[in-house]
Amino acid sequence: MLSNVVHSQISLHQRFRGVVPELASRSHTERILPIVSQALADAKLAPADLTAIAVTHRPGMVGCLLVGLAAAKALAWRFNRPLVGVDHVQAHVHTGLLVDPGMPLPALCLVASGGHTALYKLIEPGKSERLGTTRDDAAGEAFDKGAALLGLSYPGGPSIENEGKLGDRTAFKLPRTMLDKGSLDFSFSGMKTALLYTVQPPSKQPPGKQRQEKPKPEELPSGQELKNLAASYQEAIVDVLVGKLRRAAEQHDVQSLCIGGGVAKNIRLRERIANDSVLQDLHLVLPPLDLCADNGAMIAGLGSILFGQGKTSPIDLDAVATAQSGGKIKMRPRKPRRVSK
Ligand code: KG4
Ligand code: ZN
């Protein structure tokens with residue numbers, strides 16, 4: 001890995017408590033060229049030194065994907081290099097191989113971010129199987145919505161993590177939704193409702209106001225109570241993630257475990273995985289924090305695997321909002337390189 005430049009848009013979206021698609025794609029337009037230049041400068045490379053151009057083409061906000069695609073296509077066209085479209089969730093799944101190329105396969109991979117929460121079995125490079133996914137909210141979304149209910153800032157994961165550091169994880173009993181026996185799917189939407197009712201018990205609400213959406217500022221918890229709520233809420237989410245990983249490890253023949261997505265930066269989650277009696281037996285790859293959240297290096301990483309397998313994309317490659325559900329990554333076989341005269 002020669003460089004990995006990430007431009008965070010958190011400050012841009014913070015006051016809206018979530019990503020505003022139009023602002024996000026406009027910021028991509030403004031930042032894409034300086035970031036490509038910076039990545040090349042850090043790697044001490046010129047565009048002509050590149051072998052291929054990898055780019056995320058799915059899943060995500062289509063406006064943002066289109067900006068990246070346009071830039072990648074322009075580079076590929078101008079320098080006569082092949083374009084390799086990458087599914088960014090699959091790139092999270094392959095991050096273990098970027099960090100530890102010798103990671104034994106098959107590997108169990110948890111991808112947990114603001115938009116996705118799913119378990120995959122990475123069978124071989126470029127081929128994975130989705131074992132389960134969320135039926136409603138993603139784990140990061142649960143952190144973000146929980147933080148909003150507690151009056152903590154966006155993004156919710158780091159706010160809840162910080163607030164909960166000195167909190168009692170057992171102070172509040174919150175549900176752990178594990179779904180049907182053996183299910184590897186997730187459901188997080190009930191958690192924020194449980195948190196709301198803990199902060200604001202319906203029995204204490206005036207008649208006819210039992211389902212208030214958000215606590216008023218004067219009703220927000222504070223002090224040690226807030227710390228305990230944050231720690232208990234984080235523990236409930238982590239319990240579900242670790243519980244599902246244990247289930248998957250018991251049901252499937254896997255040798256390694258790897259995690260990715262913004263939620264994979266959570267220290268308590270990493271601690272619990274590392275100390276779990278079932279998961280400990282697997283070869284554990286907990287990528288550095290900057291390779292967990294979305295980043296260009298993981299796209300280049302999977303891009304180079306696909307390119308090595310002879311897979312490239314047509315120059316009219318389109319943006320797709322949804323993820324692939326797994327299986328072999330389908331692309332057309334690589335054509336012999338055009339050599340410019
Ligand atoms: O992967 P990511 O950076 O962006 C996408 O959603 O694609 O993930 C962002 C999500 C947010 O929901 C954020 O609250 C969560 O990851 N997150 C965390 C932590 N850092 C970010 N969740 C728990 N603990 C963290 N330390
Ligand atoms: Zn992601």
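Which residue pairs have Cβ atoms under 9 Å apart, sit 6 or more places apart or on different chains, and have a first residue in the stretch 1-29 that is under 29 Å from I305 (Cα atoms) and a second that is open to solvent by 70 Å² or more (accessible area, probe 1.4 Å) and among the basic types (K, R)?
L2/K44; S3/K44; H7/R31; Q9/R31
In the stretch 110-148, what count of residues is obtained for those that are modelled with pLDDT under 95 and aliphatic (A, V, I, L, M)?
1
Which of the numbered conditions does K44 fail, given that it passes all the others? Conditions: (1) buried (at least 18 other Cβ atoms within 10 Å of the Cβ); (2) assigned by TED's automatic domain parsing to the domain that holds V320.
(1)
Quick one: count up the residues across the stretch 255-274 that are within 15 Å of ligand 2 (Cβ to nearest atom) and part of a helix (DSSP H, G or I).
So the count comes out to 4.
Looking only at residues in the stretch 143-155 that are part of a helix (DSSP H, G or I) and more than 16 Å from ligand 2 (Cβ to nearest atom), which one is surrounded by the most Cβ atoms within 10 Å (Cβ to Cβ)?
Filtering the stretch 143-155 down to residues part of a helix (DSSP H, G or I) leaves 143-149.
Subsequent filtering for residues that are more than 16 Å from ligand 2 (Cβ to nearest atom) retains 145-149.
Details: K145: 21, G146: 28, A147: 25, A148: 17, L149: 22.
So the residue we want is G146.
Table: residues versus (1) charged (D, E, K, R); (2) modelled with pLDDT of 95 or more; (3) not assigned by TED's automatic domain parsing to the domain that holds S159.
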position	(1), (2), (3)
D185	yes, yes, no
M191	no, no, no
Q205	no, no, no
Q212	no, no, no
P221	no, no, no
V238	no, yes, no
G243	no, yes, no
R246	yes, yes, no
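In the stretch 86-113, what residues are away from ligand 1 (no atom under 14 Å from the Cβ), part of a loop (DSSP other than H, G, I, E, B) and closer than 17 Å to D294 by Cβ?
Across the stretch 86-113, the qualifying residue is only H94.
If you take the residues in the stretch 120-140 that are within 16 Å of ligand 1 (Cβ to nearest atom) and surrounded by 23 or more Cβ atoms within 10 Å (Cβ to Cβ), which one is farthest from L286 (Cα to Cα)? Steps first, please.
Within the stretch 120-140, the first condition is being within 16 Å of ligand 1 (Cβ to nearest atom), and the residues that meet it are 120, 133-134, 136-140.
Checking which are surrounded by 23 or more Cβ atoms within 10 Å (Cβ to Cβ) leaves us with 120, 138-140.
Working: Y120: 15, A138: 20, A139: 18, G140: 18 Å.
The selected residue is A138.
Report yes if some residue within the stretch 67-83 is within 19 Å of the chain's Cα centre (by Cα), among the hydrophobic types (A, V, I, L, M, F, W, C) and buried (at least 21 other Cβ atoms within 10 Å of the Cβ); otherwise report no.
At the first step, the residues of the stretch 67-83 found to be within 19 Å of the chain's Cα centre (by Cα) are 68.
Applying the additional criterion that residues be among the hydrophobic types (A, V, I, L, M, F, W, C) yields none.
No: zero hits.
Is there a residue being out of contact with any helix residue (DSSP H, G or I) (no Cβ under 6 Å at 6 or more places or on another chain), touching a residue at least 60 places away in the same chain (Cβ under 8 Å) and not in a helix (DSSP H, G or I) anywhere in the stretch 44-56?
Taking every residue of the stretch 44-56 in turn, at least one turns out to be out of contact with any helix residue (DSSP H, G or I) (no Cβ under 6 Å at 6 or more places or on another chain), touching a residue at least 60 places away in the same chain (Cβ under 8 Å) and not in a helix (DSSP H, G or I).
The values are calculated or read from the model by the stated rules, or taken from the named source; none is laboratory data. Please read these numbers as outputs of a predicted model, since none were measured by experiment. With ideal geometry, Cβ positions are generated from the backbone for all residues, glycine too; neighbour counts draw on all protein chains shown. Just the protein is used for accessible areas: all its heavy atoms, side chains included, with ligands, DNA and RNA removed. Shrake-Rupley method; radii C 1.70, N 1.55, O 1.52, S 1.80 Å.
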